[in-house]
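For reference, the structure is listed below as structure tokens.
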Amino acid sequence: MVIRGCATNGLFHQCMTLYWKMIRSGLRPDKFAFPFALKSCAGLCEMQMGRQIHQHAICCGCGSDLHVNAALVDMYAKCGLVDAARLVFDEMPVRDLVSWTVMVSGYAHNGYNNETLEFFNVMRSSDLRPNRVGLLSALLASGRLGALRKGEWLHSYVIQTGFETDILVITAVIDMYAKCGNLDLAKYLFDQTTGKDVVCWSAMVANYGIHGHGWKAIGVFTEMVNAGVKPNQVTFTSLLSACSHSGLLDEGQRYFACMSKEHGVTPKLNHYSCMVDLLGRAGKLLEAEQLIEAMPLKPDSSIWGSLLGACRIYGKIDLAERVADKIFELNPTQSGYYVLLSNIYATKSRWKDVERVRELMAGRGVNKVQGFSLIEFNNHVYKFGSGDRSHPQSEKIYSYLQEVMGRMRQLGYAPLMDFALHDVEDEMKEVALSYHSERLAIAFGIMNMPAGTPIRVTKNLRICGDCHNAIKFISKIAKRTIIVRDMNRFHHFEEGMCSCGDYW
């Protein structure tokens, strides 16, 4: 009972201390103790300890118990061992809704978005009615993939099953539509929702922010306060981020100043990171550095990373080197910061420094995250990498891009060679830029989707400046609305213009 009480109340360390005391005293845990011990391992991400408890459960004859197995699936998934979680699930003699749900949420928790949706469909076809957690996981996966059609089907399923009155589920639906690029529908559902809580309001502030509508994000925040809903830390993170993406420097500084005074919300690292990003994007790099040095909290790598990103925009190599040293000391394994520093050197043609950074990555066992872009067509999500020729239509895709490049040049397009980050001839740089993953996905969409259909692409990294410039031309030539979501925000391209106003 004591182990159960500790685990239920989030006292995971105490729970594990009691469990091991019980083992050392010679007592055998039963099927009631194991799930709570495993829950504590999941909460602490104690993979090795979880494996030991798994062995204890088998030795004590509880290896086939339904509740123990569900806890094992959850523990392995939350520790990042999705394959181990699936192995336990597949070997379960009996599965209930809980065990199916923890597997679905385990896939979503670890970013296995296609698998989340596939497994959700298998669960649904097994005569089980998904619960709130299962629906939230599936909606999250659809939003991450930018899979609008799958998300629309999930929305209809939410209505069919009566979950449209669940504020958490309907908030997830709103968020899914916004993440899939349909902000108008997200706002319509938001306006129709009654009993909006702080999570729902904050989500809408965030959604306007990632689409670059800073003033609309401020408008929703003002409505929220006027409605008597108290903003929390997440709300202010979303609001400050929205100001940053829209270049609203004065407004961002004002809201940061009033957080604690007017709303009783103490600034945390996320809020300082947003302010550093806001100042950095506005070109106030010195002020951003001074803010970091003066803040009452110890800065982490993400805060210094925001300043490093600003160094990339404004070409401040000396400051970038100082900042990078601090980042690598705090977080020596995050590949994105090495790549960012390497790119800063590359834009100045400092190829020896580029090579030095690459050697540093190799020496520390840091691997670069490969860029890719996703596009949904006929209820299937297609994935493209840079220079990818694996798709059956790749020959036609490359031919289309070659043709459109010629038309782009006639309209005044010139490749931005600073974004070709290798020491090669200009001709080779132009070829490399021409077949970045987002361009391949866009070409595939234009070739296959009916005229007038918006092209929606999701990219896992930040869109490069040359692709951003090129897609403006492509939207004008193809007479298409092209919506690209990168790791930071949305870009809506139409008639040769982008919603971000070239500020991102």
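The values are calculated or read from the model by the stated rules, or taken from the named source; none is laboratory data. Everything quoted here is computed from the prediction, not taken from an experiment. Cβ atoms come from the backbone with ideal geometry, glycine included; neighbour counts cover every protein chain shown. The protein model used for the area step is the full one, side chains on, heavy atoms only, and it has no ligands, DNA or RNA in it. Shrake-Rupley method; radii C 1.70, N 1.55, O 1.52, S 1.80 Å.
Data for the structure
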{"item": "Lone qualifier among Ile210, Ile170, Ile159 - being surrounded by 22 or more Cβ atoms within 10 Å (Cβ to Cβ) and among the β-branched types (Val, Ile, Thr)", "result": "Ile170"}
{"item": "Helices (runs of 4 or more DSSP H) lying entirely in the stretch 1-114 (those with 1 or more residues that are touching a Ser or Thr at 6+ places or on another chain (Cβ under 8 Å), free of Cβ contacts under 8 Å to residues at least 60 places away in the same chain and not β-branched (Val, Ile, Thr))", "result": "2-8, 12-24, 34-44, 66-78, 82-91, 97-109"}
{"item": "Residue count, the stretch 130-156 (criterion: under 17 Å from Glu118 (Cβ atoms), in a helix (DSSP H, G or I) and open to solvent by less than 30 Å² (accessible area, probe 1.4 Å))", "result": "11"}
{"item": "Single unsatisfied condition, Phe419 versus (1) at pLDDT 90 or above; (2) among the aromatic types (Phe, Trp, Tyr); (3) touching a helix residue (DSSP H, G or I) at 6+ places or on another chain (Cβ under 6 Å)", "result": "(1)"}
{"item": "Odd one out for Trp215 among (1) of a type outside the set (Lys, Arg); (2) open to solvent by less than 40 Å² (accessible area, probe 1.4 Å); (3) in a helix (DSSP H, G or I)", "result": "(2)"}
{"item": "Lone qualifier among Gly209, Gly195, Gly181 - being more than 20 Å from Glu152 (Cα to Cα) and not in a helix (DSSP H, G or I)", "result": "Gly195"}
{"item": "Residue ID - surrounded by the fewest Cβ atoms within 10 Å (Cβ to Cβ), chosen from residues in the stretch 442-460 that are outside any helix (DSSP H, G or I) and either hydroxyl-bearing (Ser, Thr, Tyr) or within 26 Å of the chain's Cα centre (by Cα) (or both)", "result": "Thr453"}
{"item": "Check on Lys368, assigned to a loop (DSSP other than H, G, I, E, B), of a type in the set (Lys, Arg) and open to solvent by 30 Å² or more (accessible area, probe 1.4 Å)", "result": "yes"}
{"item": "Out of Val169, Val199, Val158, sole residue that is hydrophobic (A, V, I, L, M, F, W, C) and in contact with a Phe, Trp or Tyr (Cβ under 7 Å, 6 or more places away or on another chain)", "result": "Val169"}
{"item": "Candidate set from the stretch 196-207 (those that are among the aliphatic types (A, V, I, L, M) and under 16 Å from Val169 (Cα atoms)); member that is least open to solvent (accessible area, probe 1.4 Å)", "result": "Met204"}
